[in-house]
Every structure is written in C-alpha cells, then in structure tokens.
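Below is one structure, written out as structure tokens; the observations come after it.
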Amino acid sequence: MIMEAHDPHGVQTEQTRLLAALAEGIALSGRFLGMLDTERVALADMDVTVLMRQVRAKEELLVGLQRLDQELGESMAELRRATEVGPAGLASLASLF
C-alpha cells in the first residue's frame, strides 16, 4: 500500500509519491528476500538429510561387504584345508571315489 505524503500546503507532490512507492518496494523486496532465505535454509536442511541417508546407506553397504569378505576368507581357508594333499587328504579324496 503506497503511503500518502503531502507537501506543506496539503497537495501531494510527485516526488514524495515516488519516494513512498520506492520505500514500499524496498520493504516488499526485503520481505521477499527473507522468504528466499527461509526457502534456502529449508533446501539446505533437506540436502543435509538426503546426504545423511546416503552416508548411512553406504556405511551399511560397507559393513555388509566386510562381512561378505570375512565369510569368503573363511570359505577359502576351508577349501584350502580340504584340498591339501597329504596322507589324510589323499584318504579323504579316495573315499569320495
């Protein structure tokens, strides 16, 4: 809303009206910038939330891969023991046939 300003004789001058409109425009732009800042903060918070979810998912994936690596290592050790050639190994292989 444009504020009405009057000169000393009660007649509104063009210059005073333009200054009032400019002041109102500045106030509106300040409010708009404030809303943009609020939106920017909300977007930043959302970005942090998304990033934290991604970090948690990657941590869970890493833990799963570490477990799989450990199980694979244990399986490889069992396979090596089972295929060792020696008297016991030969006997166990012979018993398969």
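The values are calculated or read from the model by the stated rules, or taken from the named source; none is laboratory data. Remember, it's a predicted structure, so these values are computed and weren't measured experimentally. Note that each Cβ is placed from the backbone with ideal geometry, even for glycine, and that neighbours are counted across all protein chains shown.
List, please: which pairs have Cβ atoms under 9 Å, are six or more places apart or on different chains, and start with a residue in the range 31-42 that is acidic (Asp, Glu) and end with one that is at pLDDT 75 or above?
Close Cβ pairs satisfying both conditions: none exist.
Which count do you get for residues in the range 57-90 that are among the aliphatic types (A, V, I, L, M) and modelled with pLDDT of 80 or more?
Number of matching residues: 9.
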